[in-house]
């Protein structure tokens with residue numbers, strides 16, 4: 001699956017990693033797995049790493065649907081890392097459709113900056 005996740009309870013963060021092409025079905029499958037994962041909590045911070053994303057195959061209507069149905073809490077910090085102009089712009093639109101508090105949703109180009117915003121120490125845990 002091109003979308004994988006790990007839960008780092010020590011740092012209170014859900015780390016999602018995209019490898020290759022990403023589709024709406026990939027996101028839906030991962031969310032279904034999260035809902036069944038006993039370690040998942042909607043108050044976890046989110047680090048969504050798209051550095052290895054090669055294709056963004058999500059339609060505008062799917063985008064709106066996915067943004068509105070996030071399993072994350074409204075005040076859960078969410079950091080999305082998107083190196084390409086297209087992914088960066090699409091994620092900014094995604095943020096606009098999200099029910100998250102805008103103060104808790106940021107899109108970054110650099111993984112280190114995203115980690116810093118989430119308060120993650122480079123030397124601790126899997127995140």
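The values are calculated or read from the model by the stated rules, or taken from the named source; none is laboratory data. Just so we're clear, the structure is a prediction, and the values are computed from it rather than from any experiment. Cβ: placed from backbone, ideal geometry, glycine included. Neighbour counts: every protein chain shown.
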Quick one: count up the residues across the stretch 38-55 that are under 12 Å from residue 71 (Cα atoms) and out of contact with any helix residue (DSSP H, G or I) (no Cβ under 6 Å at 6 or more places or on another chain).
5
Do we find a residue being modelled with pLDDT under 95 and in contact with a strand residue (DSSP E or B) (Cβ under 6 Å, 6 or more places away or on another chain) anywhere in the stretch 37-50?
yes
Restrict the check to the stretch 44-61 and report whether at least one residue is within 14 Å of the chain's Cα centre (by Cα) and more than 20 Å from residue 109 (Cα to Cα).
yes
The correct count of residues that are at pLDDT 90 or above and more than 17 Å from residue 15 (Cβ to Cβ) in the stretch 74-102 is 0
Return yes or no: is residue 8 closer than 22 Å to residue 85 by Cβ and under 15 Å from the mean Cα position of the chain (by Cα)?
no
Among strands (runs of 3 or more DSSP E) completely within the stretch 11-102, the ones holding 1 or more residues that are on the phi < 0 side of the Ramachandran plot, in contact (Cβ under 8 Å) with a residue 12 or more places away in the chain and surrounded by fewer than 20 Cβ atoms within 10 Å (Cβ to Cβ) are 13-23, 45-57
